[in-house]
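What follows is a single structure, written as C-alpha cells, with notes after it.
The values are calculated or read from the model by the stated rules, or taken from the named source; none is laboratory data. Model, not experiment: these values are computed from the prediction. Reconstructed Cβ throughout: ideal geometry from the backbone, glycine too, with neighbour counts over all protein chains shown.
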Protein chains: 2
Amino acid sequence: MALSERHPRPALTADCVVFGLDLEAEALKVLLVRRARGPFRGAWALPGGFVAPGECPQAAAARELEEETGLRDVFLEQLYTFGEPGRDPRGWVVSVASLALVRLDAQQPVACSDARAVAWQDAYAPPPLAFDHGRILDTALKRLRGKIRYQPIGFRLLPPKFTLSQLQTLYEVILRRRLDKRNFRKKILSMGILEELDETERRVAHRAARLYRFDPARYEAFCEQGAAFSL
Amino acid sequence: MALSERHPRPALTADCVVFGLDLEAEALKVLLVRRARGPFRGAWALPGGFVAPGECPQAAAARELEEETGLRDVFLEQLYTFGEPGRDPRGWVVSVASLALVRLDAQQPVACSDARAVAWQDAYAPPPLAFDHGRILDTALKRLRGKIRYQPIGFRLLPPKFTLSQLQTLYEVILRRRLDKRNFRKKILSMGILEELDETERRVAHRAARLYRFDPARYEAFCEQGAAFSL
DNA sequence: CCAAAAGTGTTTCACTTACACCCATGA
DNA sequence: TCATGGGTGTAAGTGAAACACTTTTGG
C-alpha cells in the first residue's frame with residue numbers, strides 16, 4: 001500500500017469513439033454527445049466519463065456509453081491513452097480512449113445522464129469538440145483505416161446479413177477511394193470466410209442482391225492455414 | 001475542478017519494454033530490473049514507475065528508464081494501457097506501457113534508483129516477472145513483430161551504419177524465420193531508403209561488407225510517392 | 001420497356017519466390 | 001590456401017489491376 005499512497009494521482013476517464021456506417025449516404029458517422037455540465041458545457045464531445053475503482057478502462061467506456069446513450073453490447077477495443085498536461089482544464093486528467101464499431105440501424109441512441117443530446121455526426125467533418133477530443137477522433141480514424149484492411153472488423157458496422165455491394169461500400173467509405181467491383185468480390189470470396197445465404201435483399205427497385213454472412217468459424221480455419229485477411 | 005475531485009483516483013505508472021538486438025547471438029533482448037523494494041521485491045520487472053503530475057506518460061517512461069538504468073535518448077512509443085483490477089497488490093494502479101528500441105551496444109545500463117540490478121535478458125525466454133509484466137512483454141513482442149514489417153523502426157536497433165546482413169539478421173530474429181538473402185537485399189534496396197556508404201565493416205576474418213545508413217529524407221520521399229514500407 | 005444495380009472472366013503486368021556459385025579478405 | 005561470409009541474376013509462378021457487357025427486378 002504505502003508506495004502508491006505517496007504519489008499524487010490523476011483522475012482517470014474513459015472516452016469512446018463510436019463509429020457507425022450510413023450505407024444510404026455512404027458516410028461514416030461518429031456518435032457525439034452534447035455536454036450538459038462541467039467544462040465545455042454545451043459543446044459536442046465523445047461519450048465517456050470517469051473510471052470507477054475496480055473497473056478496467058474498457059469496461060468503464062462501455063458503461064459510460066450505455067449510461068449516456070443507451071447503446072449496449074458494443075464492440076470495443078483500446079485505442080490510445082491521452083495524458084498530455086493541460087488537456088483538461090480541471091487539472092490532471094488522463095483518458096483511456098477506446099474505439100467502438102456499431103450498426104447504425106440497430107439501436108437508437110438516446111440522451112441520458114450527463115448528455116444533453118446525442119447525435120450521429122459526420123466523422124470526417126465533425127463540429128468543434130471539447131477537450132482534445134478532435135485529436136482523439138483523428139487517431140481513431142487513422143486506426144480504423146489501418147486496421148480494417150488486415151482484420152475482419154468491418155463486419156461489425158453492417159447488419160448480420162449483408163450484400164457484397166454493402167461490404168464494398170463500407171471499404172470505400174473508410175478507405176476513401178473507389179474499389180473495382182469484380183476484383184473486390186473475387187478477393188473477399190476467395191478467402192472463404194463468408195457464408196453465402198439463399199436469401200436476397202428485398203424491397204429494392206432493381207435486381208435483388210444475394211445476402212452473405214460473416215462466419216467466424218471459417219475465418220478461424222482460414223487463419224490456421226497461415227493465411228491472413230487483407231483487402 | 002469540482003467534477004474530477006469527486007472521483008476516486010488510481011495511481012498511474014509508466015512501464016517500459018525496452019528491446020535490444022544482440023547480433024552476435026542472434027537474440028532479441030529485453031531490459032529488466034531487479035526490484036529493490038515494494039511488492040515483488042527481488043523479482044525481475046520492467047523498468048518503470050509512477051507518473052508525476054504535469055507529466056505525460058511517455059515522458060514519465062523515459063524519465064524512469066533513465067533513473068533506473070541510465071539509458072537516455074531512447075525511441076519510445078505508447079504500447080497499451082493495463083488497468084485490470086487486481087494487477088497490482090497495492091491497489092488500484094493503472095499502467096501505461098511503452099515500447100522502446102535501443103542499440104544494445106551504445107549505452108551500458110547501470111542499476112540506480114529503485115533497481116537492485118539491471119540486465120539484458122532473452123526476450124523470448126524471460127525469467128518470471130513481477131505484476132502482469134509477463135503479459136505486457138507478450139503484448140510488446142506481438143506489436144514489434146507486427147510493426148517492424150510495415151514501418152522502418154527496426155533501424156533503431158542497429159548502429160547508424162550497418163551491413164545488409166545485419167539488417168537481415170534483425171528481421172530474422174524478430175520475425176523468427178529465415179529469409180532469402182538475395183530477395184531480402186533486392187527488396188530493401190529497391191525502396192531506395194538506404195544510403196550506400198563507401199565504407200566497409202572492418203576487423204572481420206573474411207570479406208568486408210559494405211555499410212549502409214537509413215536515410216529519413218529518402219524515406220519521406222518514398223512515402224510521398226504513395227509507396228509503403230513492407231518486408 | 002426503362003432505370004438501376006447485380007453479377008460475371010480474361011488479359012496483362014508486377015511482384016514474389018526459389019535457387020547456386022564465385023569473390024574478397026584475414027588468419 | 002583455407003575458412004568465412006559477401007555479393008550477385010534468372011526463371012517460374014502467383015496475385016493484383018484493368019476493363020464492359022448481360023441479367024434481373026420493380027416501377
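Tabulated results
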{"read-out": "Within the stretch A:29-43, tally of residues that are buried (at least 21 other Cβ atoms within 10 Å of the Cβ) and touching a helix residue (DSSP H, G or I) at 6+ places or on another chain (Cβ under 9 Å)", "value": "4"}
{"read-out": "Tally, over the stretch B:166-188, of residues that are in a helix (DSSP H, G or I), out of contact with any helix residue (DSSP H, G or I) (no Cβ under 8 Å at 6 or more places or on another chain) and within 12 Å of DNA strand C (Cβ to nearest atom)", "value": "4"}
{"read-out": "Any pair with Cβ under 6 angstrom, 6 or more apart, that starts in the stretch B:68-83 at a residue that is within 14 Å of chain A (Cβ to nearest Cβ) and ends at one that is among the polar types (S, T, N, Q)", "value": "B:Leu76/B:Gln58; B:Leu76/B:Ser98; B:Gln78/B:Ser98; B:Leu79/B:Ser98; B:Tyr80/B:Thr139; B:Thr81/A:Thr81; B:Phe82/B:Ser95"}
{"read-out": "The stretch B:1-57: number of residues that are assigned to a loop (DSSP other than H, G, I, E, B) and under 24 Å from A:Gly54 (Cβ atoms)", "value": "11"}
{"read-out": "Members of the stretch A:1-45 that are of a type in the set (A, V, I, L, M, F, W, C), touching a residue at least 40 places away in the same chain (Cβ under 8 Å) and within 14 Å of chain B (Cβ to nearest Cβ)", "value": "A:Ala11, A:Leu12, A:Ala14, A:Ala36, A:Phe40, A:Ala45"}
{"read-out": "Which listed residue, of B:Glu195, B:Glu220, B:Glu201, B:Glu172, is more than 14 Å from chain A (Cβ to nearest Cβ), within 28 Å of B:Val18 (Cβ to Cβ), within 10 Å of DNA strand D (Cβ to nearest atom) and of a type in the set (Asp, Glu)", "value": "B:Glu201"}
{"read-out": "Residue check for A:Lys181: within 10 Å of DNA strand D (Cβ to nearest atom) and at pLDDT 95 or above", "value": "yes"}
{"read-out": "Test for B:Leu211: is it modelled with pLDDT of 95 or more and in contact with an Asp or Glu (Cβ under 6 Å, 6 or more places away or on another chain)", "value": "yes"}
{"read-out": "Unique match (being within 14 Å of another protein chain (Cβ to nearest Cβ), away from DNA strand D (no atom under 16 Å from the Cβ) and surrounded by 14 or more Cβ atoms within 10 Å (Cβ to Cβ)) among A:Lys142, A:Lys147", "value": "A:Lys147"}
{"read-out": "Count - residues of the stretch A:142-165 that are over 22 Å from A:Tyr124 (Cα atoms), among the basic types (Lys, Arg) and more than 15 Å from DNA strand C (Cβ to nearest atom)", "value": "0"}
{"read-out": "Out of A:Gly91, A:Gly48, sole residue that is of a type outside the set (Lys, Arg), more than 18 Å from the chain's Cα centre (by Cα) and within 14 Å of another protein chain (Cβ to nearest Cβ)", "value": "A:Gly91"}
{"read-out": "Residue match in the stretch A:114-135 (condition: aliphatic (A, V, I, L, M) and free of Cβ contacts under 8 Å to residues at least 24 places away in the same chain)", "value": "yes"}
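Matching residues to (1) charged (D, E, K, R); (2) surrounded by 13 or more Cβ atoms within 10 Å (Cβ to Cβ):
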site	(1), (2)
B:Asp138	yes, yes
B:Gln166	no, yes
B:Thr169	no, yes
B:Leu179	no, yes
B:Arg185	yes, yes
B:Ser190	no, no
B:Leu194	no, yes
B:Asp198	yes, no
